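The values are calculated or read from the model by the stated rules, or taken from the named source; none is laboratory data. Here the structure is a predicted model, which is why all the values come from computation and not from measurement. Note that we place each Cβ from the backbone using ideal geometry, even for glycine, and neighbour counts take in every protein chain shown. These accessible areas exclude ligands, DNA and RNA; they are computed on the full protein's heavy atoms, side chains included. Shrake-Rupley method; radii C 1.70, N 1.55, O 1.52, S 1.80 Å.
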Amino acid sequence: MAAQKVSTSEVPAGTSIHPHSSPRATPERAGLEWWRTAVIYQIYPRSFADATGDGIGDLRGITARLPELVDLGVDALWLSPFYTSPQRDAGYDVADYCDVDPLFGTLEDFDTLEREAHDRGLRIIVDLVPNHSSSDHVWFQQALASAEGSVERARYVFRHGMGETGELPPNNWESVFGGPAWTRVANADGTPGQWYLHLFDSTQPDFDWQNPWVHEQFRDILRFWLDRGVDGFRVDVAHGMIKADGLPDYTPPADAGSMGGSGGGLEPEIGAHGEAMSPPYWAQDGVHEIFRDWRGVLDEYEGDRILVAEAWVEPLSRLAEWVRPDEMHQAFNFSYLETPWTGAAMRRVVDDSLASFAGVGAPSTWVLSNHDVVRHASRLAVTAENPQGHGIGPRSPGQPVRELGLLRARAATALMLALPGSAYLYQGEELGLPEVIDLPDDSRQDPTWFRTSGERYGRDGCRVPIPWEADSPAYGFSPSGESWLPQPDDWAPYARDAQLDVDGSTLELYRAALGLRAKFGLASGDVEWLPGFADDVVAFRNGGIIVIANTGAEQVAIPDAEVLLSSNPLQRTVASAGTLPSDSTVWLLDD
Ligand code: GLC
């Protein structure tokens, strides 16, 4: 069981926060599996480090940068897909689940990376994409070449069209990336034939998970990577594999596009009586049987191997069903990611998260950025309603102010890393990287951009290759200076080497926070809310520290205590003088 407790008890009378005492280490509670407290760093391989010089990051590039990741202080790496793929959705369109795309290297390169990561104490989680394959996958090619009603077609969701001659799609579902969720194929004689379902791009046909054959293949795929020694899987679209019987029509409500990293309408809605009402393609009960089966496969292996759900499911009490004791181990907390930067909303989501996950014995997780959403150093300062899954481009309303975004991002991260449970970081956030908003239109590659004819910018702005060295070609990303998306001209100050050992830099904030988090055992602690603060302020005690985050516009009074960590680089002395500026978080020693 997760050792988590939500407490709203008051500070006992006489409790004070003594300044000037030395930090005291709280040992991690014994017996907790690693993933209950881990900080997991997401690597988006094509944008992390390029060893070959082709402008696309690769596995050898990652291996070469492992020392920097150890130095940062993370516990595990999650690698977005590096499998054989035509890259129509940056690798989330898999053509061979058991091989490495030559763009990223070879299986041997993967083995080397894994071995060297393990030698350094870093766990490796790989991405599993079970909702759909690439249309280049041999299984789909066989389905296309086979007749209607064949076993090959039964692996995917083929249906006859509506209308007199089947000229209309089988139902009204829309792709998450825009446009219809169905594409018609031609028969062997060239006449128009059946339609196949693709909740994402037309190059990503959905599997039919009612077919036991599909289950068998994925058990084998799990075993292939488990045998190679991976520590777990991040399961893509883990709320989408089962569709409601009969594939009924569904019209999302008008505002359904406002959330969900992969595009609009990824979440169930809440009915009139508070019940979750799922679209017929999301969060169907049948998915749970699949995860129970997979859990059995993982349990056959030694060590703690984990399944992590990418499930855009709300409310949190419903998401908790994905992490019941015999299902997955963790689920991304997208409710947290989508919470606005206000005190009341932050307190509510923390309470909800801890209660919902603890209710099923799972650790809470926390996340602020990933490869599908606007980077939080920009998102938190957008001034107009700006649907996250749509990305921000030069013509978007409410453009963020960069300094404010960074200030809030640092404060939000300092709050997140003080919470009990497991936290996810997305490559580059430790450098304070903003979203790249002004990418030239002709460089954009997200299928969302193409499928909406440029109406939605998509996710390229958070996927720009990250800067390592201020004065090297491509900021040290690639020895040739190539970069698959153009890097901004003004990124030198964000480079890792420009921030390393620089007091007040974002990198140093992350290093310090991760070090203190481990030292004080915060990940296995409890949240005890502290009373007496304004509504804009989030204040709690965890382990040996007091955390105070000011989301409001006014500075607030805080206890005079030793400052262990301050998100606001200008504020260290102010904090010890008893005030906390807006958009700032401090960790104080509670002794
Ligand atoms: C997930 C991935 C996203 C991808 C989609 C389709 O949401 O995170 O990047 O486009 O699934 O596989």
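Observations
- Consider region 275-302 and keep the residues that are in a loop (DSSP other than H, G, I, E, B) and under 21 Å from A254 (Cβ atoms). The one that is modelled with the lowest pLDDT is E275.
- Consider region 187-213 and keep the residues that are free of Cβ contacts under 8 Å to residues at least 40 places away in the same chain and within 12 Å of G166 (Cβ to Cβ). The one that is most open to solvent (accessible area, probe 1.4 Å) is P192.
- For L319, the conditions (1) outside any loop (DSSP other than H, G, I, E, B); (2) away from the ligand (no atom under 16 Å from the Cβ) are fulfilled apart from (2).
- Looking across region 176-185, just one residue is open to solvent by 60 Å² or more (accessible area, probe 1.4 Å) and either within 16 Å of the ligand (Cβ to nearest atom) or farther than 10 Å from R159 by Cα (or both), and that is P180.
- Check on D560, touching an Asp or Glu at 6+ places or on another chain (Cβ under 8 Å) and either surrounded by fewer than 18 Cβ atoms within 10 Å (Cβ to Cβ) or more than 26 Å from L69 (Cα to Cα) (or both): no
- Checklist (1) hydroxyl-bearing (S, T, Y); (2) within 30 Å of V39 (Cβ to Cβ); (3) surrounded by 19 or more Cβ atoms within 10 Å (Cβ to Cβ) applied to T112, failing item: (3)
- Hits in region 168-189 (condition: assigned to a loop (DSSP other than H, G, I, E, B) and within 33 Å of the chain's Cα centre (by Cα)): P169, P170, N171, N172, W173, S175, V176, F177, G178, G179, A181
- Of all residues in region 374-432, those satisfying the criterion of being touching a Lys or Arg at 6+ places or on another chain (Cβ under 6 Å) and in contact (Cβ under 8 Å) with a residue 40 or more places away in the chain are H390, G391, L417.
- Filtered residues of region 137-167 (kept if part of a loop (DSSP other than H, G, I, E, B) and either hydroxyl-bearing (S, T, Y) or open to solvent by less than 40 Å² (accessible area, probe 1.4 Å) (or both)): H137, S146, S150, V157, G161, T165, G166
- Any hit, region 118-136, residues being away from the ligand (no atom under 16 Å from the Cβ), open to solvent by less than 60 Å² (accessible area, probe 1.4 Å) and over 30 Å from W34 (Cβ atoms): no
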